[in-house]
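Encoded as structure tokens, the structure appears first; notes follow it.
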Amino acid sequence: MENFGGKKKECAYEKEENGVGNGGSVEMKKKWCFKANESISAASGITIRGTLGMLMGSRNLNDKRETIPLGHGDPSAFPCFRTSLIAEDAIVESLRSAKFNSYSPSVGVQPARSVVAEYLSRDLPYKLSAEDVFLTVGCIQSIEIVLSVLARPGANILLPRPGFPIYESRATFSNIEIRHFDLLPEKGWEVDVEAVKNLADENTVAMVMINPGNPCGNVLSYVHLKKIAETAKKLGILIIADEVYAHLTFGSNRFIPMGTFGSIAPVLTMGSISKRWLVPGWRLGWITVNDPIGYLKDAKIVDSIIGYANITTDPATFIQAAVPKILEQTPEDFFENTRTILRESAKIIYDELDEIDCIYCPHKPDGSMFVMVKINTSLLEDIIDDIDFCTKLAKEESVIVLPGICVGLKNWLRITFAIEPARLQDGLRRMKDFCQRHAKKP
């Protein structure tokens, strides 16, 4: 025990032997008083990046074929998914103006907040203001801020299964209890609303909705989203709406923002330019308060978001300054081109997977960039589970897909189709060859 300015500090001591044999001495040496935060290790668990890195390391380096990456969520790696010239020019103009080299306000620069509010209001039955928008370093930081704001002793949160694992990580790190509700593959990955009702109690603070779906590739209907809002109202919880893939739809259901139902239940919406503009590395996202009645303001949630913004980082100022031009001037044909490629790729992946006996695809993707498929390991000779499947696929075929356990479903796979169609077909053919080679013999 030592005394520092009147405060006692405990540090462990250990014996250290000096010298050799009987002539040596023993001294007490103080240990260092720091150690790693163990909750970080617990929170990081199984991550998408860590798993994809492991699979890349499993490849046979003697295989001269191109690696086909079907596990990533970054379409910008491929030439067919280049961002618009408008967006590129906006960044260059902002940077070269030399007007945006300073720090920005913690909640974001006012012109960008105003334009984001106008952009999102196009799809809402009410108008957002700049004060409803908080700019973030991508949607990952939005998740960090929102879950930190909601954390309190005993709190629990309802998360979708399958889902995006960062929510689990941040909730664990913030000591929020996690309760999972299932998405139903036989119903187009709709929410099991009855399960939500049964899971919630007086300590439930929120439920998370990801629409369009990551990892499922589904787009929820107006009727179903309204039912979820009504359920949230009955339970007295807010909805966290992850809409990073907003408007990336190419099926029968058009995108409906959860904020449409903000008058029924309060919604915190998280979005970004990452996916629709194909620039995830630019790290520009937002949190919007969709709460026309003012429940979140009364509960001091908005004040807490502002407070958290004051103790964290913010997006690069020159990127914020480019947002008005990016959101206002990008031509519609740019978005339509992206949807056309994704529509074609979604058809390719659904049709090709239908020809593989041991893989079942319950729902043709009609949004985002992903599809969830189930592996029937009973039809395979030497495949134990989804991780084993993906590891051997990487080694034997240089094809990378994400094990479903990373998003909450064992013996499923999350496959991206945000890749050039020809390379997608090549990867799926290799996967078919792999499955045929490992199929049980009759």
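Listed values, structure above:
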item: Gaussian network model of the chain, springs between alpha carbon atoms under 10 Å - residue of Ser97, Ser274, Ser58 with greatest fluctuation; result: Ser97
item: Estimated 222 nm signal from helices in the chain, with DSSP H stretches of n ≥ 4 weighted -39500 (n - 2.57), rounded to 500; result: -11000 deg cm²/dmol
item: Positive minus negative residues near Thr288 (Lys, Arg vs Asp, Glu; Cβ under 10 Å); result: -2
item: Bridge type composition, segment 95-198 - antiparallel percent by DSSP, nearest 5; result: 25 percent
item: Cα-centre dipole for segment 84-138 with unit charges at Cβ (Lys and Arg positive, Asp and Glu negative), debye to 20; result: 120 debye
item: At R0 = 56 Å, FRET efficiency that the Cβ-Cβ distance of Ser39 and Lys441 yields, to 0.05; result: 0.70
item: Solvent-accessible heavy-atom area per residue, rounded to whole Å², over the chain at 1.4 Å; result: 47 Å²
item: For segment 85-330, share of DSSP beta bridges that run antiparallel, in % to the nearest 5; result: 40 percent
item: Segment 85-330 - charge dipole about Cα centre, Lys and Arg +1 at Cβ, Asp and Glu -1, debye rounded to 20; result: 220 debye
item: Dipole magnitude of the chain about its Cα centre (Cβ charges: Lys, Arg +1; Asp, Glu -1), debye to nearest 20; result: 460 debye
item: Label point distance in nm, Ala98-Asn198, each placed 7 Å from Cα along Cα→Cβ; result: 6.6 nm
item: Potential extension, Lys297-Thr340 segment - 0.36 nm per residue separation minus Cα distance; result: 11.4 nm
item: Karplus-derived HN-Hα couplings along segment 31-43 (A = 6.51, B = -1.76, C = 1.60, θ = phi - 60°), whole Hz, x at Gly and Pro; result: 6, 5, 9, 10, 7, 5, 6, 5, 5, 5, 4, 5, 6
item: Backbone N within segment 187-204 under 19 Å of label point (7 Å from Arg152 Cα along the Cβ vector); result: 200-204
item: Computed E for Ala422/Met54 - FRET, C-beta separation, R0 45 angstrom, nearest 0.05; result: 0.95
item: Dipole of the chain [Lys/Arg +1, Asp/Glu -1 at C-beta], most positive-end residue of Val208, Gly294, Tyr222; result: Gly294
item: Counting DSSP beta bridges with both ends in the chain, the antiparallel % (nearest 5); result: 60 percent
item: Cβ-based charge dipole, the chain, positive-most Cα from Leu147, Asn310, Gly259; result: Asn310
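The values are calculated or read from the model by the stated rules, or taken from the named source; none is laboratory data. For clarity, every value in this text was computed on a predicted model and none was experimentally measured. Cβ sites come from the backbone with ideal geometry, for glycine too, and all protein chains shown count toward neighbours. Quick note on the areas: whole protein, heavy atoms, side chains included, nothing else; ligands and nucleic acids left out. Shrake-Rupley method; radii C 1.70, N 1.55, O 1.52, S 1.80 Å.
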